[in-house]
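Participant: Before we start, here is the structure in question, set down as structure tokens.
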Amino acid sequence: MYYHFLVVALGTLVNNGLAATTFSPARPPAVPLAGIPIPGTYQVLGHASGRKFNLSHQKDSSADSLARGPQPGEAVGPNGAVTGWTGLIKVDGTSYTWMGQPKIGDDFPTNVEQTSFEYTSQRSTFIMNIVGKVSMNVTFISPIAPKDLKRQSIIGSYLQVTVASTDGASHSVQLYADTTAEWVSIRNTDTAQWSFSNRNGVASHKSWRQTQSEFNDDFADDGSHWGNWYWSTAATSSLTSQSGGHETVRGNFLKDGKLPNTQDSNYRAISDNFPVFAFANDLKNVGKTPITTLYTIVHAQKNAIKFDGANGDISLPSLWTSYFDSDLAMVEFLYKDYSTVDGSIDHVFAVDSLAAGGQDYLTITSLSARQAFGGVQLCGTTSKPYLFLKEISSDGNIQTVDVIFPAIPIFLYSNPVLVKYLLDPLFENQEAGRFPKQWSIHDLGAHYPQAIGHEDGQQEDMPVEECGNMIITTLAYAQRTSDTAYLSQHYQLLKQWAGFLITDALIPDQQFSTDDFQGKLINQTNLALKGIIGIEAMAEISKLTGNNADATNFANVARDYIKRWQEMAVVKDANPPHTNLAYHDSNSHGLLYNLYADKLLGLGFVPNSIYDMQSTFYPTVADEYGVPLDTRNANTKSDWEMWVAAISSPSTKTMFYSKLANWIKNTPTNRAFTDLFNTQTGDFGTGKFAARPVVGGHFAALALIGAPKNAAGVRRGVEFKA
């Protein structure tokens, strides 16, 4: 599943005498709620001024709905939009708000008391108390199904609300939830249209932008300008529904505890008496036996990506269209499929994370999983699937090679075939002759979802970076699947890139690495190491494909280069010794994260002394929230920290995990997990990144589960229930 960039701008709950919410495993900077639209729906949180939070919030909050992307304000961009989502409940005739901040006339219904919050890899759960009479369990679920392409292709999430009496008495309870037309467009001046249906027991409000613009051809934007939205629930005898102006519809529920089953036919601008799409359920007399109401929200696009592939520009369908003949068939399947969302992924991710790094590591990985999968979208057909990735927040690029590279650990760990689906569009475009340069392309387009490439060669060049990334990633996939045919299929292009690395990797000229926010630099030590490991990886590819002469040549070059690299890269006189940021600059240092590729590929190529030296060094330069990326400033990258941690000594590994988990609990940032932050203050670093799929790199330790043990074999991959 992929998530558009929504942020739940729910405001904050100031201290009003309610009990403080408890958090497990941590209080995150933002809470993932729904898996739509790219990269997700989040409740912004943060820790500024010691503020508390509720899913519902105070009437003095500055926001009364959900904001979507790019996120509003300086954190991401100025053109944020709003996506409204509201929950109300009546208990014994008294109305309360459990989600959002609805204003009906001059009235703000009283907030419920939120007592606890917990997140796992797929779920965010809020426990609420209503004046000691009734409890609510409100759980948002974005399923992760890496080995089930049918389910993973659906762009949708669940909201489950369970209500039970807590005082031994029965209480009359009515439940309400709505979404607004703001979901369909980033601009509230656009006209929305809507309809209502009941298909095989699933009631759905459908809404859409009246003037559709497939692939955002009208203007570049983080939000989708086409497709249909479905807000659904079970069509039971206790259900009533309505579409109409927000105050009218919500007011009907507050007055009557139900809705009149009417539909507004006045299609209009989103901000014109904001249309809402509402459901109300009469739960009748609620006792100690819990009563559950299930909702789904889905974004359906028939065509998803414009792609310049082997046959020129084509429209790629969403992969779900290969399994379902209509939007409503897919919506019905998702709703009725809820019983299969059994938590097995949560369990496996948790068990493996605890084994690899303890509770702090689980705190990190469980917050990262939905965000990583939230940046990708399955397209194409069952015979030729593609997985497209959006860079998110740093810019709107599609299929950025140096964003795929840090993200691959979660895909290698959960289903290595997904890495092939990420690589395929890049190979197809370049092998069709649509990129004119000797080195690898940087991305397939400046604006998602237009993967139209760079036939003119005009792009942000990262020559050594992207060549190394492509070779290493391709081999990592092939090793875990024994797909040597894939290596043979792309051998000529891989060899071309390796040839470039031979000329440019050992002494890199002035150029960008993936950390382009730090600026260009000559003689980059870490970048050179990536290129050299890339050459050694090409030797392995040559050997696996029977190109033995090439294998010998690439291996000889790589082994010569790694010896020469050590002479220029190691500051031997330092106490303790360490590698530098740039050759012969003894006053510099940085995270040597590209060393991880040697372990990921099981090459045994870089001397163990380098691993030991760096592992000893990192704790000596650690700040409160982590180790700086390099000596140019105090910023770090969480993905690269986790790469380094995965190959460090036990004590250094523990240090990295502890400091990042501490950052999650205390950062003043209030957006979805930023991978770039200041190690001293915990605030955003240079460039306010948020919700990027690079957090897949936090699974670096788990990706090593599938790393080659030795020349004789490959470890089995992790198995999941569908």
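All of the numbers you see were taken from the coordinates with simple rules; none came from a lab. Since the model is a prediction, treat every value here as computed from it, not as a measurement. Using ideal geometry, Cβ is built from the backbone for each residue, glycine included, and neighbour counts are taken over all protein chains shown.
Participant: Treat each spin label as a single point 7 Å out from the Cα along the C-beta direction, and report the Asp509 to Asn285 distance in nm.
Facilitator: 8.4
Participant: Still on this structure: What size of dipole, in debye to the nearest 20, comes out for the chain about its Cα centre when the only charges are +1 on Lys and Arg C-beta atoms and -1 on Asp and Glu C-beta atoms?
Facilitator: 1720
Participant: I need the semi-axes of the equivalent ellipsoid of the stretch 454-562: take the C-alpha gyration tensor, multiply each eigenvalue by 5, square-root it, list largest first in whole angstrom.
Facilitator: Sorted largest first and rounded, they come to 24, 16, 12 Å.
Participant: Hey, what did the chain get for relative contact order, percent, Cα under 8 Å, at least 6 apart?
Facilitator: 13
Participant: Determine the percent antiparallel among the DSSP beta bridges restricted to the stretch 85-340, to the nearest 5.
Facilitator: If we restrict to bridges inside the stretch 85-340, about 95 percent are antiparallel.
Participant: With the Cα gyration tensor of the chain giving a ≥ b ≥ c as the square roots of its eigenvalues, does the rule (a/c under 1.5 for rounded; else a/b larger than b/c for prolate; else oblate) give rounded, prolate or oblate?
Facilitator: Prolate is the answer for the chain, as a/c is 1.5 or above and a/b outweighs b/c.
Participant: Test of understanding: ordering Met613, Met470, Met568 by Cβ neighbours within 10 Å, fewest first, what list do you get?
Facilitator: Exposure proxy ranking, most exposed first: Met568, Met613, Met470.
Participant: Right, something else. Among Trp183, Ile104, Ala145, whose Cα sits farthest toward the positive end of the charge dipole of the stretch 90-185 (+1 at Cβ of Lys/Arg, -1 at Cβ of Asp/Glu, about the Cα centre)?
Facilitator: Toward the positive end, the furthest listed residue is Ala145.
Participant: Follow-up question, since we're still on this one. Using R₀ = 60 Å, calculate the FRET efficiency as 1/(1 + (r/R₀)^6) where r is the Cβ-Cβ separation of Gln458 and Ser116; round to 0.05.
Facilitator: 0.70
Participant: Hey, another quick one. I'd like to verify something in the chain: which complete DSSP H helices, judged by Cα projection on the helix axis, reach 27 Å or more and average at least 0.5 on the Kyte-Doolittle scale?
Facilitator: 525-544
Participant: Using the beta-carbon distance between Lys563 and Thr686 and R0 = 35 Å, what value does 1/(1 + (r/R0)^6) give for FRET efficiency, to the nearest 0.05?
Facilitator: Rounded to the nearest 0.05, the efficiency is 0.50.
Participant: Treating cross-link reach as a plain straight distance, find the lysines whose alpha-carbon is under 18 Å from the alpha-carbon of Lys530, omitting any fewer than eight places away in the same chain.
Facilitator: Candidates past the 8-residue exclusion: Lys495, Lys520, Lys563, Lys599, Lys637.
Participant: By the gyration tensor of its Cα atoms, with a ≥ b ≥ c the square roots of the eigenvalues, what is the shape of the stretch 172-229: rounded for a/c under 1.5, prolate for a/b over b/c, or oblate?
Facilitator: Cα axes put the stretch 172-229 in the prolate bin.
Participant: Extension gain Thr382-Ala355, at 0.36 nm per residue separation less the Cα-Cα distance, in nm?
Facilitator: Difference between extended and current length: 6.2 nm.
Participant: Could you state the number of Å between the C-alpha centres of the stretch 590-611 and the stretch 644-700?
Facilitator: Using only Cα atoms to place each centre, the spacing works out to 21 Å.
Participant: For Ser271 and Asp106, what is the calculated FRET efficiency with R₀ set at 22 Å and r taken between the beta-carbons, to the nearest 0.05?
Facilitator: Given R0 = 22 Å and the Cβ-Cβ separation, E is 0.60.
Participant: Sorted from fewest to most neighbouring beta carbons within 10 Å, what does the list Glu540, Glu332, Glu455 look like?
Facilitator: Result, fewest neighbours first: Glu455, Glu332, Glu540.
Participant: Extending each Cα 7 Å along its Cβ direction at Arg632 and Lys437, get the distance between those two points in nm, one decimal.
Facilitator: 1.8
Participant: I need the per residue convex hull volume for the stretch 344-714, using only the alpha carbons, in cubic angstrom as a whole number.
Facilitator: Given the Cα convex hull of the stretch 344-714, per-residue volume reads 127 Å³.
Participant: What distance in nm separates the simple spin-label points at Phe196 and Ser586, each placed 7 Å from Cα in the Cβ direction?
Facilitator: So the two model labels end up 7.8 nm from each other.
Participant: What does the charge add up to near Phe140, with Lys and Arg as +1, Asp and Glu as -1, over the other residues with Cβ less than 11 Å from its Cβ?
Facilitator: +2
Participant: Also, I was wondering about something else. Put one equal scatterer on each alpha carbon of the stretch 141-253, apply the Debye formula with no solvent term, and list log10 I(q)/I(0) at q = 0.11, 0.13, 0.14, 0.17 1/Å to two decimals.
Facilitator: -0.52, -0.70, -0.80, -1.07
Participant: If you build the Cα gyration tensor of the stretch 279-414 and take the root of 5 times each eigenvalue, what three semi-axes come out, in whole angstrom, biggest first?
Facilitator: Semi-axes, largest first: 32, 26, 13 Å.
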